[in-house]
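The values are calculated or read from the model by the stated rules, or taken from the named source; none is laboratory data. As the structure is a computational prediction, the values presented were derived from the model and not from experiment. Positions of Cβ are backbone-derived with ideal geometry, glycine not excepted, and every protein chain shown enters the neighbour counts.
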Amino acid sequence: MKNILRLVFIFSMGFAVLFVLFLVMYWLQSPLDPTVQSERRILWISVLPITIYGTMLLALRYTVRVSIPMPLAMISLVILGLGWTGGLALGISRLPIPAYSQSTLLSLGEPGLLLSRSDKAVVLLQDPQDPYSPQVISLPGKALVYQEGPQEGAFPRSLGAPLVSFRTDAPPVLQGILNDFTSIATQLKTQLNQGFVPFMIYVGGLMVLLSSLRFICTLGAWPLANLCVRILVFRGVLALEAFLTTPRIQRDLLSLFGSWLPRYVLSPLLLYALGFLFILYTLVLHLVRERIMYAA
């Protein structure tokens, strides 16, 4: 019981500290326009994915260190994750969430081409730091569209996804991680726009998937090697989750299962399925180890 209470404290403190830390970092690197009302609010949901991943990585290590049984550890982590994320969503649900604009472009550099995550392109004609400046939008299968003064929010909605600049000073590895977190944040925002229940269903799938990775904390005896392995595994899960949220995968899932499943359930269903596969793998691994110890 004492270990569970400590887990609650560590998870809560880790979630709060990481969320505030990443929120401040996001605010410092985001050139918000004070004249745009929607951009006066910090896009809190953008820092939510990285907060969840970081907190779960910290909490999983603690559950292994104090030998909390896996079923109890998973249930505790899923409840804690849902509680903190749901409470945060309820607390800020009434605040206007601005659309992705220059805050997701990182360093844009000079005026030029910007590539959307949905494989669509746009050419900014004037200020690359102002997504509402005159621009030419290129959409597949349509003629070029010139917008001299697009309405607020029309720019990201016309592209359907966050943008990634062709010009960036960030290292490719870091750029890929930031892009994946941006895609997941977009999915969270989409689920939240559909309602609190779809949002919590998706977050629940993410929590189940991450908490099922507890076995990676017991793979070796070298702490530094274990840390590197955990980071690599979480990076792979991040890339996989970002891949599952791409528009093409969403369209394929909708065409296959959209007739008998709600749309907001499709992506979380894959996360739950992957989580249960990892749980099954952990169970089989435990049984094999027990058999080897019994035979010895």
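Numbers at a glance
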{"item": "Residue ID - farthest from Ala59 (Cα to Cα), chosen from residues in the range 185-236 that are of a type in the set (Phe, Trp, Tyr) and part of a helix (DSSP H, G or I)", "result": "Phe196"}
{"item": "Cβ-Cβ under 9 Å pairs, at least 6 apart or on other chains, the range 161-189 side within 19 Å of Leu240 (Cβ to Cβ) and aromatic (Phe, Trp, Tyr), far side modelled with pLDDT of 70 or more and buried (at least 16 other Cβ atoms within 10 Å of the Cβ)", "result": "Phe181/Ser46; Phe181/Val47; Phe181/Pro49; Phe181/Ile50; Phe181/Tyr53; Phe181/Leu238; Phe181/Ala242"}
{"item": "Single residue of Leu253, Leu266 found to be closer than 27 Å to Pro71 by Cα, assigned by TED's automatic domain parsing to the domain that holds Thr85 and touching a helix residue (DSSP H, G or I) at 6+ places or on another chain (Cβ under 6 Å)", "result": "Leu266"}
{"item": "Condition broken by Gly236, with the remaining ones in (1) touching an Asp or Glu at 6+ places or on another chain (Cβ under 9 Å); (2) surrounded by fewer than 12 Cβ atoms within 10 Å (Cβ to Cβ); (3) not basic (Lys, Arg) satisfied", "result": "(1)"}
{"item": "Filter pass, Arg214 being basic (Lys, Arg), more than 17 Å from Leu188 (Cα to Cα) and touching a residue at least 24 places away in the same chain (Cβ under 8 Å)", "result": "yes"}
{"item": "Which listed residue is surrounded by 15 or more Cβ atoms within 10 Å (Cβ to Cβ), assigned by TED's automatic domain parsing to the domain that holds Thr190, at pLDDT below 80 and not aromatic (Phe, Trp, Tyr), from Leu57, Leu32, Leu48", "result": "Leu32"}
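Matching residues to (1) surrounded by fewer than 18 Cβ atoms within 10 Å (Cβ to Cβ); (2) within 21 Å of Trp84 (Cα to Cα); (3) over 15 Å from the mean Cα position of the chain (by Cα):
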residue: Ser212; (1), (2), (3): no, yes, yes
residue: Cys217; (1), (2), (3): no, no, yes
residue: Arg230; (1), (2), (3): yes, no, yes
residue: Leu261; (1), (2), (3): yes, no, yes
